[in-house]
Amino acid sequence: MTTLPAPPEPSPTRERVLVDHDALLDFLTEILVGRGLPRARAREAARALCHGDLTGMDSHGVANLARLYLPLLDEGRADPDAEPRVITDLGAAVLIDARRALGLWAASEAMDLAAERAERHGVGLVAVRDATHLGCAGHHALRAVERGMIGVVTSNCGGQRIARPPGGTVAVLGTNPLSAAAPAGSLPPFLLDMSTTAAPTGRIRQAAREGRSIPEGLLRDDRGAPVTDPAAFDAGLAHLMWLGGEVGRFKGFGLGVLVEVLSAVVSGSGRGPHPDALTGDGGPHGRDDDIGFLMLAIAPDALREGARTDAEELFGVLTDCEPVDPDHPVRYPGWHEYHLAAERRVRGVPLHVDLYEELVETARLAKIRAPATLEEER
């Protein structure tokens, strides 16, 4: 591949720079093709990676290219040539062995298959084992919406343990994300995308990199005191709390266990709550290999007519609800992300200057050109 001159480096006084969305997709695609992925799958992986930056979930976007996905490929934990294999096919339900495929594209293909089966059966369920990190679960749930369906995604963290059960002293579960997306007629799609812990580790580490404190309720120390220094997490001085905080922690914990059941027990993937988890020292341990997914697609008009109309009315009632503050109208999950993504596709994707410099270095090592900046965002 021809070596191209690097784009001008951003000024060190900037906090963020803007990069054209299509140029960023092209760059990420070339990087992944250079690591051995087939071009179509590299492109799909690039789309999944960009979703975080488009929707404001920066901690799950391009920042993870050099921190998570390239190391997975370089260390052989993800196989760029992997061809997932069907283990069981019951029509509406399918079990797939991903064979260490990069989750960024493997999860999307699994949801596409679930949607295809839902077109035939009204519902399609695809369980996946031996996979790797899928990025933003919401990106894959939205693929069902693109076909007029409801999409549900769960993913465990394989053998990685990050969070302790309430009252426990050993980490046994991952952040175990859960996502659901649904068509809303002419309104933006509903999209719920969350970890079952109070925050994902990516958000904690991003705050640490940027030197920001975090609010109380995300981390606590071994005595139960709140921790606002995000660096304390990787230093082993704090651990993640569950969604719901101190009072509602059993709700978040229960959802985390549910995700483990749906993702790992159904597929036969690696599990956080495995007997070897009990040998941990209390802090994060294990590796996020052999991850399990569950992809569920539901055709809302399969059982009766009028479901789509009812959905639009449902979400319309929510947005029509009189707000406490007129400057902050009532919105549902997915509304703001939809509009933010549309804006950034046109205006450019904001990247922190330090992240942009990482991309420039990644490009230099790959002997390709990094995407040029458009303008700074202050």
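Readers should treat all values here as calculations from the given coordinates under stated rules, not as data from a laboratory. Model, not experiment: these values are computed from the prediction. Reconstructed Cβ throughout: ideal geometry from the backbone, glycine too, with neighbour counts over all protein chains shown.
Shown in residue order for segment 39-54 are the 3J(HN,Hα) couplings computed by the Karplus curve 6.51 cos²θ - 1.76 cosθ + 1.60 at θ = phi - 60°: 4, 4, 6, 4, 5, 5, 4, 5, 4, 5, 5, 6, 4, x, 6, 5 Hz (x for Gly and Pro). Distance from the Cα centroid of segment 39-61 to that of segment 172-249 is 20 Å (rounded to whole angstrom). The HN-Hα couplings worked out from phi for segment 89-95 by the Karplus form 6.51 cos²θ - 1.76 cosθ + 1.60 (θ = phi - 60°) are 9, 10, x, 7, 10, 9, 10 Hz, whole numbers, x standing for Gly and Pro.
When the Cα atoms of segment 135-184 are aligned to their principal axes, the ranges along those axes come out at 44, 19, 10 Å in descending order. Computed from the alpha carbon atoms alone, the convex hull of segment 299-341 holds 82 Å³ per residue.
Of the trypsin sites (Lys or Arg not before Pro) in segment 197-248, the ones in a loop by DSSP (not H, G, I, E or B) with at most 15 other beta carbons within 10 Å are Arg212, Arg223.
Helical content alone sets the calculated 222 nm signal of the chain at -11000 deg cm²/dmol, taking -39,500 (n - 2.57) per DSSP H segment of four or more residues and averaging over every residue.
The alpha carbon convex hull volume per residue for the chain rounds to 150 Å³.
Taking 0.36 nm per intervening residue step and subtracting the Cα-Cα distance, what contour gain separates Val247 from Leu278 on full extension? Kindly include the intermediate steps, with their values, before the conclusion.
Working: separation 31, 0.36 × 31 = 11.16 nm, distance 2.54 nm.
That works out to 8.6 nm of additional length.
Across segment 69-176 the C-alpha pair distances fall into 5 Å bins from zero in the proportions 2, 12, 20, 20, 18, 13, 9, 5, 1, 0 percent. Size descriptor for segment 323-369, Kirkwood hydrodynamic radius: 13.7 Å (Cα pairs only, one decimal). Here the chain is scanned for GluC sites (Glu not before Pro) in DSSP loops (not H, G, I, E, B) that have at most 15 other Cβ atoms within 10 Å, and the longest stretch holding none of them is 217-304. For segment 108-234, the calculated P(r), taken from all Cα-Cα distances in 10 Å bins from zero up to the bin holding the longest distance, is 12, 34, 29, 19, 7, 0 percent.
Need one number for segment 239-378: average projected area of the convex hull over its C-alpha atoms, nm².
On the way: hull surface 63.9 nm².
Answer in nm², one decimal: 16.0.
Here, segment 246-293 has an Rg and a Dmax of 12.0, 33 Å when only alpha carbons are counted.
Derived scalar couplings between HN and Hα for segment 295-305 equal 10, 10, 10, 10, 8, x, 9, 6, 9, 7, 8 Hz in order, rounded to whole Hz, by the Karplus curve 6.51 cos²θ - 1.76 cosθ + 1.60 (θ = phi - 60°), x for Gly and Pro. Spin-label model, Ser213/Asp354: points 7 Å from Cα along the beta carbon direction are separated by 1.8 nm.
How high is the relative contact order of the chain, in percent, with contacts defined as C-alpha pairs under 8 Å that are six or more residues apart?
Once normalised by length, the contact order is 26 percent.
Taking only C-alpha pairs under 8 Å that are 6+ residues apart, what is the relative contact order of segment 72-171 in percent?
Working: 155 pairs, mean separation 21.1, N = 100.
21 percent.
A viscosity of 1.306 mPa s and a temperature of 10 °C, combined with the Kirkwood radius over Cα pairs in Stokes-Einstein, give a translational diffusion coefficient for segment 25-109 of 119 µm²/s. Reducing segment 83-114 and segment 318-378 to their Cα centroids gives an inter-centroid distance of 30 Å.
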